Amino acid sequence: MKVLLVGNGAREHIIGKSVKRSSKNPDLAVFASAHNPGLMELAASYQIGEMSDKTAIIDFAQRQKVDWAIIGPEACLAQGLVDDLEQAGIMAVGPSQALAQIETSKSFARELFKEYHIPVNPEFMIFDSPDGVEEWLDHLRGQFVIKPDGLTGGKGVKVAGDHFKTMNEGLEIIRQLLDLGQRVVLEEKLIGQEFSLMTFTDGRHAVHLPAAQDNKRALAGDLGPNTGGMGSYACADFSLPFLTPDDIKAAQKINEQVIDALKSKTGRPYRGILYGNFIAVNKGVKIIEYNARFGDPEVMNVLTVLRSDFTDICQGIIRGNLDKVKVYFENAATVCKYLVPAGYPLNPVKDVTINVGAVDQQKVDIYYAAVDQKKDGLYLTGSRAVALVAKHPDLFAAEKIVEAEIDKVIGPLQHRRDIGTPKLINSRMESLKKIRS
Ligand SMILES: Nc1ncnc2c1ncn2[C@@H]1O[C@H](COP(=O)(O)OP(=O)(O)O)[C@@H](O)[C@H]1O
Ligand SMILES: [Mg+2]
C-alpha cells in the first residue's frame, strides 16, 4: 500500500506517523512545501512543491502510483484538490471543493444549519453591501462578531471587546471589507467555553473522536492576539472537565446532522474528517464554525490515543463502509504544547536555529511544524515551530511531563505554561458554571 500525504505541518507529521504505524506496512509519498524532518524520516518519497500546484501534486501521485491520498491543509481542499485527484482515479480522505464549503464559506455554513433546522446558529445576517448593517448592529446591541466569508488563516474574524471596542470601530472594519467586495457575516457574540469535536465520516456513517480543547491566545491567561493554536488537551474520559455528558451527546448529534445536511444539499457524501468548533453556552451548545479537516493542534491529542489501524479508518472513509471498521481509543489524557518563535504571531523571529536534541522521546512525542531542516540545523520559519505531546492517565501529570521536556529545547522560543494546568482548567469550569447558573 502506498499513501499520498499532502502537507508538511505538525498535523501532517502525526497523520504520517499514524499511517506508518499500520500493520500493513504502507509506504508514504509526501508532497510538502518545506523540509519537515519528522515527515522526511517517515516518507519513502518526499517531493517539495507549492501547495497550490494541483498539477504537480497529481503528477507526483501518479508517478508514485499511490493507492489513495490524505489531505492535511484546508487551502488544498478549498482549491478542489480532492475533485482533481478523483478525476485522476485517486480517492482521497478529505471533502470535494463543494463539500469543503462547510469550512471555506462561513455564510454557506450558517445558511446550511438554518435550512436544515440544526439549532446551532447565533443570530446572524449576511451582507454584500452596507445597506442595513447599522440597523443589524443596533439589533445585536454592539455585541457582534465580524466574519469575512472565506479562508483567512485564522486572522480574519474580529470579535467585539477583543478586536474592536466601539460600534464605530466595528463599522469601519465592516466598511473596509465590503469596499474590497468581501461578503461578511455579522453575528451575535456568543459567551461560553469553546471546544472541538471531530468526526470521521464516509458521508453516511460517523465515528466520533474524543473532545479536545485548543488554546488560541498567544499568552498565558488567554491574553494577547489569536494564533493558529498554542496547544490543546484531551481527557481520559473523552469529554472535557467543563462539559456535561449531554453537551458531548449534543455535539455528536450535531456533527451527524451536518453530515446528513451536506449530503442533501450537495447530493454527494462528505468523506473525511468533520471538525466542529463548538461553544458550550448558557443552554446547550452552539457552533462557532466548522473545519473540513483535522484541527491542528487537536489532531495530536486524538491520534495519540487512537488504538485502531488508522489506514483501516481511511479506507472505510473512502469506500463508504466506515461502519465495518472497529475504532478504539485509549482512555488516556494528552497535553500538547506548541513552541513558537519569540514574538509570534506579530513579530516572530525566523531564520535562526533551534535544537530539540535533548528532549526525551520516551516521555513525549515531538511533531515538527514551521521549521526547515537544513544541513547546518533546524531553522525557524516564523510560525508555530514544534509541538510536544505527552500521554498519561492523569491530565495534570501529562502537563508536567510536557513542561519538563520543553525545558530542554534550545532556541528563541516561547510557549504557554498554563495550558493543561489545574489553574486554567478550574477557571474555565468556574466561568461556564457562572454562565449556566
Ligand atoms: N459568534 C461568536 N461568538 C463569540 N466568539 C466568536 C464567534 N465567532 C467566532 N468567535 C471567536 O473567533 C475565533 C475565530 O472565529 P472562527 O469562526 O473560528 O474563524 P477562523 O478560525 O476561520 O478565524 C473563534 O475561535 C472564537 O473564539
Ligand atoms: Mg476557528
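Rounded to whole numbers, the Karplus 3J(HN,Hα) couplings from phi for segment 104-117 are 7, 9, 5, 6, 4, 5, 4, 5, 4, 4, 5, 4, 9, 6 Hz, using 6.51 cos²θ - 1.76 cosθ + 1.60 with θ = phi - 60°, and x at Gly and Pro.
Do any trypsin sites (Lys or Arg not before Pro) in segment 297-349 lie in a DSSP loop with no more than 14 other beta carbon atoms within 10 Å, and if so, which? Passing sites in segment 297-349 are 307, 326. Of the trypsin sites (Lys or Arg not before Pro) found in segment 351-397, those in coil by DSSP whose Cβ has at most 13 other Cβ atoms within 10 Å are 375. What translational D, rounded to a whole number of µm²/s, comes out for segment 157-207 from Stokes-Einstein when the hydrodynamic radius is the Kirkwood one over Cα pairs, at 20 °C and 1.002 mPa s? Approximately 153 µm²/s, per Stokes-Einstein.
Using only alpha carbons, segment 129-182 has a radius of gyration to Kirkwood radius ratio (Rg to Rh) of 0.94.
P(r) for segment 193-425, from all Cα pairs and a bin width of 5 Å, is 1, 7, 14, 17, 18, 15, 12, 9, 5, 2, 0, 0 %, short bins first. Normalised by the number of residues in segment 1-145, what is the relative contact order in percent for Cα pairs under 8 Å and 6+ residues apart? Contact order relative to length: 18 percent. In loop segments of segment 101-199 as defined by DSSP, the trypsin sites (Lys or Arg not before Pro) with at most 13 further C-beta atoms inside 10 Å of their C-beta are 141, 155, 165.
Listed from fewest to most Cβ neighbours within 10 Å, the set 415, 139 follows the order 139, 415. Going by the alpha-carbon gyration tensor, a ≥ b ≥ c the square roots of its eigenvalues, is segment 211-255 rounded (a/c under 1.5) or, if a/c is not under 1.5, prolate (a/b greater than b/c) versus oblate? It is prolate, given that a/c is not under 1.5 and a/b is the larger ratio.
When restricted to Cα atoms, the chain yields an Rg and a Dmax of 21.0, 60 Å, respectively. Taking other Cβ atoms within 10 Å as a rough exposure proxy, 314, 336 sort from fewest to most as 314, 336. For residue 20, the lysines whose Cα falls under 27 Å of its own Cα, not counting residues fewer than eight places away in the same chain, are 2, 54, 65, 324, 326, 337, 363, 374, 375, 391. The convex hull of the Cα atoms of segment 189-298, projected and averaged over all directions, covers 7.3 nm².
What the phi angles of segment 356-369 give under the Karplus curve with 6.51, -1.76 and 1.60, with θ = phi - 60°, is a coupling list of 10, x, 8, 5, 7, 7, 7, 9, 9, 9, 10, 10, 8, 10 Hz, glycine and proline written as x. Determine the shape class of segment 125-276: with a ≥ b ≥ c the square roots of the Cα gyration tensor eigenvalues, call it rounded for a/c under 1.5, and otherwise prolate if a/b is greater than b/c, oblate otherwise. Verdict is oblate for segment 125-276.
Rounded to the nearest whole angstrom, the semi-axes of the ellipsoid equivalent to segment 2-94, taken from the Cα gyration tensor as √(5λ), stand at 18, 15, 12, largest first. The distance from the alpha carbon centre of segment 8-60 to that of segment 233-296 is 27 Å, rounded to a whole number. Which value at 222 nm does the chain reach when only helices count, each DSSP H run of 4 or more adding -39,500 (n - 2.57), with the total divided by all residues and rounded to the nearest 500 deg cm²/dmol? My calculation for the chain gives -9000 deg cm²/dmol from helical runs alone. Look at where the Cα atoms of segment 310-326 and of segment 73-87 average out, and the two centres are 20 Å apart.
Note that segment 427-433 has calculated 3J(HN,Hα) couplings of 5, 5, 5, 4, 4, 5, 4 Hz, one per residue in order, obtained from phi through the Karplus relation 6.51 cos²θ - 1.76 cosθ + 1.60 (θ = phi - 60°); glycine and proline are x.
The numbers here are math on the coordinates, done by the rules we state, and not lab data. Every value quoted in this text rests on a predicted model; they were computed, and no experiment measured them. When we count neighbours, we look across all protein chains shown, and the Cβ atoms used for this are built from the backbone with ideal geometry, even at glycine.
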